[in-house]
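Notes to accompany the following structure.
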Amino acid sequence: MSLPKPVMRGLLAKRLKFHLPIAFGVAITTFAVTEPRKKAYANFYKNYDAVKEFKAMREAGIFESVRPAGK
Amino acid sequence: MLFFAAILSLFLFLTPLASRCYSHGKVETEEEFDSRWVTYFSKPDIDAWELRKGMNTLIGYDLVPEPKILDSALRACRRLNDLASAIRILEAVKDKAGSHKEIYPYVIQELKPTLTELGISTPEELGIDKL
């Protein structure tokens, strides 16, 4: 039983055609999406005052376990 | 987002075979390429440098050499009394095939008559294909 002739040319080109778009897609996405997103979160929390935000939320009456001050 | 970026990259980097743009000269067919290399290794008084140079150049291409090119190269090894290079050529073919495991057995199948005639053992027969 003799083996049929396989494809022997252009194997790297075929692989790159498939993987390069993915590689560049991931690269573009990290710089266009994930990095700005991480910066946005970092900036938001850089000067975040948790106690101040808690007090504001408390006054807004959204908590069930803590009533607004003075009631 | 990733999908969009991948599609964008696909358009930027995809050159289908049919619409490749050549800014110079004629395109060589696969048959012409193969014949050129068979002729190269068929030189009766090929020297050791030319054999090594030819093989190194050939291995640099994005293809696994056709059995007829390898046959010509193995016969050049015979003329140069270089069994080591002959076996190395077989190892190189297996390496070029990479993850496409069906290529190497096919090439060996096609070269079997030549290997027998010239008395060349395969790396597998010598047990040097395993680390």
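The values are calculated or read from the model by the stated rules, or taken from the named source; none is laboratory data. All values reported here derive from a predicted model rather than from experimental measurement. Ideal geometry is used to build each Cβ from the backbone, glycine not excepted, and the neighbour counts take in all protein chains shown.
Miscellaneous remarks
- Figure legend. Inter-residue proximity from the stretch B:93-108: first residues facing chain A (nearest Cβ under 9 Å), second residues of a type in the set (D, E, K, R), beta-carbon distance below 7 Å, spacing 6+ or different chains. Indicated pairs: B:106/A:5.
- Counting only helices (runs of 4 or more DSSP H) that sit completely within the stretch B:1-60, those holding 1 or more residues that are under 18 Å from residue B:71 (Cβ atoms) and either within 14 Å of chain A (Cβ to nearest Cβ) or at pLDDT below 75 (or both) correspond to B:30-42, B:48-59.
- Being hydrophobic (A, V, I, L, M, F, W, C) and under 17 Å from the mean Cα position of the chain (by Cα) holds for only one residue in A:13, A:69, A:60, A:40, and it is A:40.
- Of all residues in the stretch A:7-28, one or more are facing another protein chain (nearest Cβ under 10 Å), part of a loop (DSSP other than H, G, I, E, B), surrounded by 11 or more Cβ atoms within 10 Å (Cβ to Cβ) and at negative phi.
- For the stretch B:62-86, a tally of residues being within 20 Å of residue B:108 (Cα to Cα) and either at pLDDT below 95 or not in a helix (DSSP H, G or I) (or both) returns 6.
- Taken together, the residues in the stretch B:65-87 that are touching a residue at least 24 places away in the same chain (Cβ under 8 Å) and away from chain A (no Cβ under 14 Å) amount to 15.
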